[in-house]
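In what follows, a single structure is set out as C-alpha cells and then discussed.
The values are calculated or read from the model by the stated rules, or taken from the named source; none is laboratory data. Values in this document were obtained by computation on a predicted structure and should not be read as measured data. Here Cβ is always computed from backbone atoms with ideal geometry, including for glycine, and neighbour counts include all displayed protein chains.
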Amino acid sequence: MTALALPRATGGIGWRFWRSPGGQPGWARPALLLVAAVAAVSYAWGITELVPHIYYAAAVRSMASSWHDFFFAAFDPDGLISIDKLPGAFWVQALSVRLFGPHVWALALPQVIEGVLTVLVLYRAVRRTAGPVAGLVAAVVVAATPVTVALDRGNISDTLLVLLLVLAADRTLAAIRFENPRNLWYAGLFVGLAFQAKMVQAWLIVPVLALAFLVARTGVRPVRRLAEIAGFGAVTLVVSLSWMTVVSLIPARRRPYVDGSGHDSLFEQVFVYNGAARADSGFSVGAANFALGPGGTSYRDRLVLGPDDRLGHVFTGAGGREIGWLIPPALLILTAVAVSVWKRRRGNGSTDRADFADRADLANRADFAAQPAAVMLWGGWLLVYLAVFLAAGTINPYYLAALTPPVAALICWGTVEFATRTESGWRAAVLLAAILTVLYGWWLLRPAPAAVRWATVAVALAACLVAVGLRGTTAAAALLIAVLAGPAVAAASVVADGYSGIDTPFEPAAQAHVTHDIVRDAMATGPKLVASARKTFPAAHDPAVAYTSILAAPFIFTTGAEIPPFGGFTGTAQALTTDDLARLVAHGDIGFALITPSADPRVRWIQQHCKHLPGDAGSVEAYMCGRP
C-alpha cells in the first residue's frame, strides 16, 4: 500500500511563517520578524495623537475627496492648485484616508507599513553578499536610527523614497549575484517610482547602481554591458517622467495650477523649484516664511537646517542627533572594508568568465564579484547623498533618512568583519573607533536630560570595556551595543515625546512649539472659523481664501472645506490673480481672507478692499471680504 505524503505536524501556517527558508539558519527569520515587530511598535505607538505635517495632510484629504483631485494631486478640494511635489507617496496616503477617513492615524499608517518593509527588504539586500548575521544587524541599525523612527511616524514622502531605493539596491545586487540583467530593469522601475515620491533626490542613486553593476559584470563584452545599463536608464527615465508628461499634455483649464512653478509647468516645479533652486544658500525656496511673532523669527528658521553651518546638516545639532552619530563609523568601515575586499580580490586572482570552467565555478565567480559591487553600492550611496546634503544650501532634517540604509549596511559589515578578525591591531583600532563614537554621542546628547545623557554614555563605555575581554561574535555584539546606545536612546525619546516626521530628538522648546503647539492651535481653530463663515456668509462658496497653502492647510484638513490658497506654498504662485479675487468678492463667493504681510498686489488689494478684523498681534491677519 502506498503511503500518502502527509505534512509534518509543525504547527501549520503560523509555524511555517516563523521558519527560516532553506540556506538560512533557524534563528534568522524569527529574529528578523522580532526586529520588524519592534520597529512597527515604535513607528505606530501613539499615532492617533500625532501632529501631522499639516500641509501634506490637507493635500491628502483633498486628494481623497475625488478621483480628479487624486490624479492631479490637488491641494484644495476644488482643485484650484496642486501640491508642490509629485504625488507618488501621497497617492498611497490618500487611498488610506479614502478607506478609513480623514484621521491622523490614517495618514501615518502607510508610513508605518513602508518603514517595516524597509527593515525586511534591507535584510534581504544585505544578506545577499554579507550573510544573515550581517542582514540582521543592518535591520537593527536601520530600525534604531532616530531619523527613521521620526520619519516613519509621520506623513512625509521620504519614507516611501527610502523603501523604493532599498528595493532598487536589492534588485541591483540580485542582478549581479544571478547575472540576470532583468533584475536591473526592476531596479530602474523602483528608482522611477522613487522619483514619483521625491523627484530628483531619487536619481542621485542612479550612477551608483549603474557603476556597481558595470564593475561586477566582468567577462561580458563592453557593448553588452552598456546596452544593459542603457536599458536600466531607459526604464528609470520612462517611469520617472510618465505622470508629469501625461499631466503636461492636458489643457491648463482642466487641471489645477501647478504650485512651485511660475509658468504652470510640472517640469519647472520638479527640476527648478524642487531641484536647482534647492542648492541656493538662501531661504527663498520651500516655504513657510511667515514670522511667528513680533521678533520676526520664521516657521522655516525653526525647522530647516540652513546654510550658515553646513556641518550642522549632518554632524552637529539636529542633523547630528538624527543620524550624525553613525556617519563617522560608517565612513571608517567603508574604508577598511574596501581595502580588505581589494586585497582579497588580488589574492584570489582573475574573475574573468574564462577562468571558471563549469556552472558551479560561475556561481562562485558571481559571489566573488558581488562583494566589491556591494561595497561600491553602499559606499557610493552614502558618499553621494552625504556630499549633496552637506553642499545644499538648506535641508530638512528628515531628508537624512536616505542615509540610513547605506549606514546600516556598512555598520553591519564592519560588525561581521570584527567578529571574524583576530589581529590585535585590527581589534584595537575598532575598539578605539567605538570609544570615539561613544564620546561623540555624549557630545550630541547635550540637549538631553543630564541623567539620560550620563546613563547612556556609561552603558556604552561599559559595553566597550566588556568587549576588551571577549572575542568573536560576543565582542562584536558588545561594541555594536556601545555604538547604537546613543541613537537608540534618541529614537526612544522620539516615541516617548510623541514626535513625528518634522521633529528631531531632544529638540529645543522653540522648535516643539512650532511643530506641535502652533499646528494644534491652528487645527483647533479651523472648524470654528469655517462654521462662523458658513453662518455669516451662507451664500459664499469659499468660507475663506488664504495667501499661502500653509495658512489654508489646517482648515482644509480639519473640515474638508474649500479654502483656496491663491499664492500656493510660498505665496508666489498665480493660482488666482487680483482680478480673480475682485470678481469673487464682487459675486459674494468669499467670506474671510487670511494673509501675512507682503508686497504682493493681491495681498494689498485685500487690505484695501476688505475689512480688517481685530485679533492677537502676530503675523497672520484676518479680513472680512464678504457681505453678511
Going by the conditions given, is Leu390 within 30 Å of Asn274 (Cα to Cα) and surrounded by fewer than 20 Cβ atoms within 10 Å (Cβ to Cβ)? yes
Run Lys85 past the list (1) outside any helix (DSSP H, G or I); (2) over 23 Å from Val545 (Cα atoms); (3) among the basic types (Lys, Arg) and report the number of the one that doesn't hold. (2)
Search the stretch 426-437 for residues that are at pLDDT below 85 and pair each with any residue that is surrounded by fewer than 17 Cβ atoms within 10 Å (Cβ to Cβ) when their beta-carbon atoms are under 8 Å apart and the residues are at least 6 apart or on different chains. Arg427/Arg421
All but one of (1) over 14 Å from Ala330 (Cβ atoms); (2) in contact with a Cys (Cβ under 6 Å, 6 or more places away or on another chain) hold for Arg446; state the number of the condition that does not hold. (2)
Using the structure shown, decide if Thr536 is closer than 24 Å to Gln608 by Cα and buried (at least 17 other Cβ atoms within 10 Å of the Cβ). no
How about the stretch 210-226: which of its residues are more than 15 Å from Val375 (Cα to Cα) and not in a loop (DSSP other than H, G, I, E, B)? Pro222, Val223, Arg224, Arg225, Leu226
Which residue pairs have Cβ atoms closer than 8 Å, lie 6 or more positions apart in sequence or on different chains, and pair a first residue in the stretch 218-230 that is in the same structural domain as Ala370 (by TED's automatic domain parsing) with a second residue that is in a loop (DSSP other than H, G, I, E, B) and β-branched (Val, Ile, Thr)? Thr218/Thr351; Gly219/Thr351
For Ala434, indicate whether it is out of contact with any Cys (no Cβ under 9 Å at 6 or more places or on another chain), in the same structural domain as Ala318 (by TED's automatic domain parsing) and not aromatic (Phe, Trp, Tyr). no
What residue, of Gly486, Gly501, is buried (at least 24 other Cβ atoms within 10 Å of the Cβ), more than 20 Å from Asn396 (Cβ to Cβ) and either in the same structural domain as Thr559 (by TED's automatic domain parsing) or not hydrophobic (A, V, I, L, M, F, W, C) (or both)? Gly486
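Quick grid of which residues meet (1) within 21 Å of Val530 (Cα to Cα); (2) under 38 Å from the mean Cα position of the chain (by Cα):
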site	(1), (2)
Leu584	yes, no
Gly588	yes, no
Ala593	yes, yes
Thr596	yes, yes
Asp600	no, yes
Gln607	yes, no
Cys610	yes, no
Val620	yes, yes
Met624	yes, no
Yes/no for Pro207 being in contact (Cβ under 8 Å) with a residue 60 or more places away in the chain and exposed (fewer than 15 other Cβ atoms within 10 Å of the Cβ): yes
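So is Val119 surrounded by fewer than 24 Cβ atoms within 10 Å (Cβ to Cβ), under 30 Å from Val141 (Cα atoms) and in the same structural domain as Leu163 (by TED's automatic domain parsing) or not? Steps first, answer last, please.
Working: surrounded by fewer than 24 Cβ atoms within 10 Å (Cβ to Cβ): no; under 30 Å from Val141 (Cα atoms): yes; in the same structural domain as Leu163 (by TED's automatic domain parsing): yes.
It is false that Val119 is surrounded by fewer than 24 Cβ atoms within 10 Å (Cβ to Cβ), under 30 Å from Val141 (Cα atoms) and in the same structural domain as Leu163 (by TED's automatic domain parsing).
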Output the helices (runs of 4 or more DSSP H) that fall wholly within the stretch 443-546 and possess 1 or more residues being at pLDDT below 90 and under 21 Å from Leu305 (Cα atoms), or say none. 509-512, 519-536
Among residues of the stretch 220-265 being closer than 19 Å to Ala202 by Cβ and aromatic (Phe, Trp, Tyr), the residue farthest from the chain's Cα centre (by Cα) is Phe232
Residues that are aliphatic (A, V, I, L, M) and within 20 Å of Gly260 (Cβ to Cβ): does the stretch 522-545 have at least one? yes
Could you please give the count of residues in the stretch 230-256 that are within 30 Å of Trp342 (Cα to Cα) and either surrounded by 19 or more Cβ atoms within 10 Å (Cβ to Cβ) or modelled with pLDDT under 90 (or both)? 1
Would you kindly identify the helices (runs of 4 or more DSSP H) lying entirely within the stretch 294-355 that contain at least 1 residues that are β-branched (Val, Ile, Thr) and modelled with pLDDT of 65 or more? 327-348
Answer yes or no as to whether Ala391 is at pLDDT 85 or above, touching a helix residue (DSSP H, G or I) at 6+ places or on another chain (Cβ under 8 Å), farther than 17 Å from Leu332 by Cα and assigned by TED's automatic domain parsing to the domain that holds Gly312. yes
From the option list Ala139, Ala74, Ala134, single residue qualifying as touching a Cys at 6+ places or on another chain (Cβ under 7 Å), more than 16 Å from Asp158 (Cβ to Cβ) and of a type in the set (Gly, Ala, Ser) is Ala134
Check off (1) within 30 Å of Val51 (Cα to Cα); (2) surrounded by fewer than 20 Cβ atoms within 10 Å (Cβ to Cβ) for Leu445 and give me the number that stays unchecked. (2)
Test of understanding: among Val459, Val519, which residue is surrounded by 14 or more Cβ atoms within 10 Å (Cβ to Cβ) and either farther than 28 Å from Ile156 by Cα or outside the structural domain of Arg583 (by TED's automatic domain parsing) (or both)? Val459
Single unsatisfied condition, Ser281 versus (1) modelled with pLDDT of 70 or more; (2) out of contact with any helix residue (DSSP H, G or I) (no Cβ under 7 Å at 6 or more places or on another chain); (3) within 10 Å of Thr394 (Cα to Cα): (1)
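For the structure I just gave you, tell me whether Ile590 is crowded, with 22+ Cβ neighbours inside 10 Å, touching a residue at least 12 places away in the same chain (Cβ under 8 Å) and under 20 Å from Tyr55 (Cβ atoms).
Answer is no for this residue.
If you go through the stretch 593-622 one residue at a time, how many are of a type in the set (Phe, Trp, Tyr) and buried (at least 20 other Cβ atoms within 10 Å of the Cβ)?
Final tally of qualifying residues: 0.
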With criteria (1) surrounded by fewer than 23 Cβ atoms within 10 Å (Cβ to Cβ); (2) in contact with a helix residue (DSSP H, G or I) (Cβ under 8 Å, 6 or more places away or on another chain); (3) modelled with pLDDT of 95 or more, Ile113 comes up short on (2)
